[in-house]
Amino acid sequence: MRINSLRARITPLALTAALLGGVTATSAMTAPQAQAASGGYYLYFKKNSANPINSRLHLMKSVPDAADKAVASYRAGSGNGSKNPCATAKGWLPNGKYKVEFHRTNFDGIINGYVIKVSDKRCKNNGASGTKRTELFVHSEMKPNGGQGRIESERWDGTSDYYSNGCIKLKPADIKNLFGKAGRYGWPKTLTVK
């Protein structure tokens, strides 16, 4: 009788401990897992080898257990026509994953206005580690306040302005649209280039 009484008390305690253990494990989910489970956002640059200044930049939503979904897509260029990812200030971005370091609407530097700064990346040269590419941005041509200027680097003139010194370049209306959508949906933490 005592054994049955003891078993009757231990079984609910073991069940409670198991359930609490499950709750603890669930609440200890790491931030990346939680973001993936909730569907975070990232940037995806798809190179067009036939025409590098007619490539595509997508704002993507991660969809758990399904194909990721593009919520916005823009024409974009990278490089000055060179497909060499090791050509500093000339070639398009090396393939891989980049961290988004910051985004600003009033950047004042070599480039201006709406910018997304991504991490440096070392390119691959015939399978070996090559040149470290630095000062990498997603940007356009505009004044620091986002308006159009008079000098060439602050004024969008058309298709030839998709050429860049190795960054990803969008026309002004498109980068402003991207900022609006990213602000509404959630700012991407990464950029993937392929």
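The values are calculated or read from the model by the stated rules, or taken from the named source; none is laboratory data. Computed from a predicted model, the values in this text were never measured in an experiment. Here the Cβ is made from the backbone with ideal geometry for all residues, glycine too, and neighbour counts use every protein chain on show. The area values use the complete protein model at the heavy-atom level, side chains included, leaving out ligands, DNA and RNA. Shrake-Rupley method; radii C 1.70, N 1.55, O 1.52, S 1.80 Å.
Screening K47, K117, K61 for residues that are open to solvent by 40 Å² or more (accessible area, probe 1.4 Å) and at pLDDT 95 or above leaves exactly one candidate, K61. Scanning segment 92-112 for residues that are out of contact with any Leu (no Cβ under 9 Å at 6 or more places or on another chain) and not in a strand (DSSP E or B), we see that the one that is nearest to S78 (Cα to Cα) is W92. Please verify whether segment 69-79 includes one or more residues that are modelled with pLDDT of 95 or more, open to solvent by less than 40 Å² (accessible area, probe 1.4 Å) and of a type in the set (S, T, N, Q). Yes, there is a match, as at least one residue in segment 69-79 is modelled with pLDDT of 95 or more, open to solvent by less than 40 Å² (accessible area, probe 1.4 Å) and of a type in the set (S, T, N, Q). When restricted to residues that are out of contact with any helix residue (DSSP H, G or I) (no Cβ under 6 Å at 6 or more places or on another chain), open to solvent by less than 70 Å² (accessible area, probe 1.4 Å) and either among the polar types (S, T, N, Q) or outside any helix (DSSP H, G or I) (or both), segment 163-179 contains 6. Given the criteria over 19 Å from A76 (Cβ atoms), at pLDDT 95 or above and open to solvent by less than 20 Å² (accessible area, probe 1.4 Å), does G130 qualify? For G130, the condition - over 19 Å from A76 (Cβ atoms), at pLDDT 95 or above and open to solvent by less than 20 Å² (accessible area, probe 1.4 Å) - is not met.
For the residues A89, A182, the requirement of being buried (at least 18 other Cβ atoms within 10 Å of the Cβ) and either part of a loop (DSSP other than H, G, I, E, B) or on the phi < 0 side of the Ramachandran plot (or both) singles out A182. Of all residues in segment 92-114, those being on the phi > 0 side of the Ramachandran plot and open to solvent by less than 20 Å² (accessible area, probe 1.4 Å) number 1.
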